[in-house]
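*Asks:* Got a structure for you, questions after.
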Amino acid sequence: MSFFDKVKQSAAEAARLAQMTLEVTKLQTQISSREKEVERKQLLAGQAALDAYKAGDLKAAERVVAAQSASILALQKEVQRLQSRILSLKNEKLCPCGSHLPQHALFCSRCGHKFTGGASALPGEGGRDPL
Ligand SMILES: [Zn+2]
């Protein structure tokens, strides 16, 4: 490979890396806005429960708490989806212990978890061996 080919190749690699970094940053921004929304909804549900408790009728908060909880679960699912998109952009997978590992890793270098099959484990989806 000529010197100029090498320069061209590393420029293309740098551009690809910059594009990936940009995409990851965008996804992280989306994650943090959803996490803020989760916190806001937790506060609303908590406030509704407290108000109802003060009024001596916890049942009065049930509808608000249920509605906020449903939105929180949907947002948390969305966060998981965005996180797994980041992992696949970085060509990594997530161990149930929280470590980020190369996509091809068979074992976790931190906890020793053994990966079976191709799908990466997501937090909250068990992530355990089927055995
Ligand atoms: Zn692990």
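The values are calculated or read from the model by the stated rules, or taken from the named source; none is laboratory data. Keep in mind it's a predicted model, so treat the numbers as computed, not measured. Positions of Cβ are backbone-derived with ideal geometry, glycine not excepted, and every protein chain shown enters the neighbour counts.
*Asks:* Which one of Leu87, Leu75, Leu82 is surrounded by 15 or more Cβ atoms within 10 Å (Cβ to Cβ), assigned to a helix (DSSP H, G or I) and either modelled with pLDDT under 95 or on the phi > 0 side of the Ramachandran plot (or both)?
*Replies:* Working: Leu75 fails: either modelled with pLDDT under 95 or on the phi > 0 side of the Ramachandran plot (or both); Leu82 fails: either modelled with pLDDT under 95 or on the phi > 0 side of the Ramachandran plot (or both).
Within the list Leu87, Leu75, Leu82, the selection yields Leu87.
*Asks:* I'm trying to understand the selection: among the residues of region 85-108, which are under 20 Å from Leu22 (Cβ atoms) and within 16 Å of the ligand (Cβ to nearest atom)?
*Replies:* Within region 85-108, Leu87, Glu92, His100 qualify.
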